[in-house]
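Structure record follows, encoded as C-alpha cells.
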Amino acid sequence: MQAFTYQVPTKVIFGRETEQQAGPAVQAEGGSTVLVLYGGGSAVRSGLLGRVTASLTGCGLRWYTKGGIQPNPVLRFVCETLEEYRDKEIDFILGVGGGSVLDTAKALAAGLPRPEVPVWDYYSGKEKPITAIPVGAVLTIAAAGSETSDSTVLTNEATQEKRGFNAEWNRPRFAILNPELTYTLPPYQTACGVADILMHTLDRYFSDVQGNELTDALAEAILRTTVRFGKTALVRPDDYEARSELMWCGSLSHNNLTGLGRTKDFTVHQLGHELSGRYGMAHGASLAIMWPAWARQVWTRDPARFARLGRTVFGVSEEDDGQAALAAIAAVEACFRDLGLPVSLGQSEAGVIPEEELEALALGCSRGRSRSVGSFCPLDHDGLLAVYRAANH
Ligand code: NZQ
Ligand code: ZN
C-alpha cells in the first residue's frame, strides 16, 4: 500500500427534504452573501431553486441567483459571471445541480478572490490555485462526484480543450444529497451518471500498484451496487432505495476512497474529455465509448486484474484468467449497452470520424506528444491513437 493522506472535509447531509437545510448549512460556514448557481432550468421547473432560496432567506442571508450553465460547462460563462458579480461581495457560492454547475461554482470560487489571474490559467496548469471562496452543493444528479471531489473541469470553447485542475479548495464545504431530487432525471442522464460512477471506480481500480485488499473490496462493492441499482433506477425512476444507493455511490466513487494506496490511472477519462471538448458529448457517454476500446488494448498487461473484476462484480465463471478477462470486458460493455449508452463512436453523435480527427484527438490527449497518460499501462500519443481507432466503428 502506498503512503497517502486522506482528508475529505465535506459535510454530507443526506436524506429526504434536506435541501431545506441549505440556509443553516451556509450560515454554519460563515456565509452571508450567496451566489446561487443552477443549470438549464430543471431546478427551476422542479421548484427546488425556490425551496433553496426560501431556506437562505429564512436564515437572513442575502442571495443572488444565476442560471444558464450548460452540460460540459464553458469558460465564457465563467468569465462573464465573474465580471457580473465581481463587486457584489459574494462570500459563498452554492451550486444547485450536477457536475457542470458545481464545477462552474469551483471556477468562480477560484476566480473571484484573484481578479488578476485569468481563470483558464488554473485549468491550463499555468497558475496554481492558492485560495477560493467556499462552495456548497445541492446535488440533483448522481454522476460526476464533484460534490465531494477536489476537482473541477471546464471547456475552453475557443480551443475545444476540456481541462481540469485539482485543489483542496475545490472540495465543497457541504453536500446536500436528497435522492428524491434525482427522480426527474431523463433516462439518458441517469445512464450517463451510472457510467461515470463506474468509471471513477474503474479508473482507480486499474493501477500499477497492487495489493490493496480493502481498497479493492470497497471498489468492487461500489461497482456491484451501481450496476444493480442503475438498472432499477431506469425501470423505476422514483425508487428511493435505488436513487439513494446511486447517490451515495457517486460521492464515494470520486472522493478518492476507492483509490487509496495506489496510483490513479484515469486514461479513459482523459480520452473521453477530448471527445466532449470536440463534439460536446455527454461525459458519461464518452466514457462508455472509450472504456471497451481501452480495455481491449491493454488487458494483456494484467489479465488477472481484469479477471478479478469479472468474477467479483459480474459473476464471470471462466477459470482461465485470459478468458475471464475478455468476459469481464464484454460484461462491462454489455452493461453500458443495456443502459442505452453508445459503446463506439459510430453509435454516438460524432459518428465514425475521419483519420485526421482521430489524430487531432490523440494530439490533444497527449498534449502534442508531450506526455503519456495512465499508470496501469501508460499510453503515449501512438497508444492513445490506437485506442481512438479501436473505438471508431
Ligand atoms: O441544466 P439542467 O436543466 O439542470 O439539466 C441537467 C443537464 O442537462 C440535467 N439534470 C441534472 N439534474 C437533473 C437534471 N434534469 C432533470 N432533473 C434533475 N434532477 O442533466 C444534464 C447533465 O447535467 P450535468 O451537471 O452536466 O451532469 P454531470 O453531473 O454528469 O456533470 C458532468 C460534468 O462534470 C464533469 C464532466 O466532465 C462534465 O463536464 N466532471 C466533473 C468531475 C469533478 N468535478 O470531480 C469529475 C467527473 O469525472 C467529470 O469530469
Ligand atoms: Zn467522470
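Any read-out appearing in this document is the output of simple, stated calculations on the displayed coordinates, not a laboratory observation. For clarity, every value in this text was computed on a predicted model and none was experimentally measured. We place every Cβ from the backbone using ideal geometry, glycine too, and count neighbours over all the protein chains shown.
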Worksheet item: Which condition does Gln70 not pass, out of (1) assigned to a helix (DSSP H, G or I); (2) within 22 Å of Gly272 (Cα to Cα), if it passes all the others?
Response: (1)
Worksheet, complete the sentence: When restricted to Leu181, Leu198, Leu177, the only residue under 21 Å from Thr258 (Cα atoms), more than 13 Å from ligand 2 (Cβ to nearest atom) and touching a Leu at 6+ places or on another chain (Cβ under 8 Å) is Leu177
Practice prompt. Check Lys264, Lys231 and return the single one that is away from ligand 1 (no atom under 11 Å from the Cβ) and assigned to a loop (DSSP other than H, G, I, E, B).
Written response: Lys264
Discussion item. Looking at the structure I just gave you, is Ile133 in contact with a helix residue (DSSP H, G or I) (Cβ under 7 Å, 6 or more places away or on another chain), in a loop (DSSP other than H, G, I, E, B) and surrounded by 18 or more Cβ atoms within 10 Å (Cβ to Cβ)?
Written reply: yes
Discussion item. Taking the criterion of being assigned to a loop (DSSP other than H, G, I, E, B) and touching a Ser or Thr at 6+ places or on another chain (Cβ under 6 Å), would at least one residue in the range 10-31 satisfy it?
Written reply: yes
Discussion item. Show the residue pairs meeting these rules: Cβ distance below 6 Å; 6+ apart or different chains; first residue within the range 256-275 and touching a residue at least 24 places away in the same chain (Cβ under 8 Å); second residue among the charged types (D, E, K, R) and in a helix (DSSP H, G or I).
Written reply: Thr258/Arg204; Gly259/Arg204; Lys264/Arg204; Asp265/Asp203; Phe266/Asp203; Val268/Asp203; His269/Asp203
Discussion item. I'd like the full set of residues that are more than 18 Å from the chain's Cα centre (by Cα) and either of a type in the set (S, T, N, Q) or under 30 Å from Gly368 (Cα atoms) (or both), limited to the range 226-262.
Written reply: Thr232, Arg262
Worksheet item: For the range 85-114, which residues satisfy the criterion of being in contact with a Phe, Trp or Tyr (Cβ under 9 Å, 6 or more places away or on another chain), in a helix (DSSP H, G or I) and of a type outside the set (S, T, N, Q)?
Response: Tyr85, Val101, Lys106, Ala107, Leu108, Ala109, Ala110, Gly111
Fill in: Single match in Glu168, Glu116, Glu127 (criterion: without any contact (Cβ under 8 Å) to a residue 12 or more places away in the chain, in contact with an Asp or Glu (Cβ under 8 Å, 6 or more places away or on another chain) and more than 19 Å from Val36 (Cβ to Cβ))
Glu127
Item to complete: Report, ordered by the first and then the second residue, all pairs with beta carbons closer than 7 Å, sequence separation of six or more or different chains, a first member in the range 35-60 that is under 15 Å from Tyr183 (Cα atoms), and a second member that is in a helix (DSSP H, G or I) and acidic (Asp, Glu).
Response: Leu48/Glu19
Fill in: Residue that is surrounded by the fewest Cβ atoms within 10 Å (Cβ to Cβ) [pool: residues in the range 281-317 that are within 18 Å of Gly340 (Cα to Cα) and of a type outside the set (A, V, I, L, M, F, W, C)]
Pro292
Worksheet, complete the sentence: Counted residues in the range 97-118 being within 12 Å of ligand 1 (Cβ to nearest atom) and basic (Lys, Arg) come to 1
Item to complete: Could you list, in sequence order, all residues of the range 223-251 that are surrounded by fewer than 24 Cβ atoms within 10 Å (Cβ to Cβ) and either basic (Lys, Arg) or within 16 Å of ligand 2 (Cβ to nearest atom) (or both)?
Response: Arg224, Arg228, Lys231, Arg236
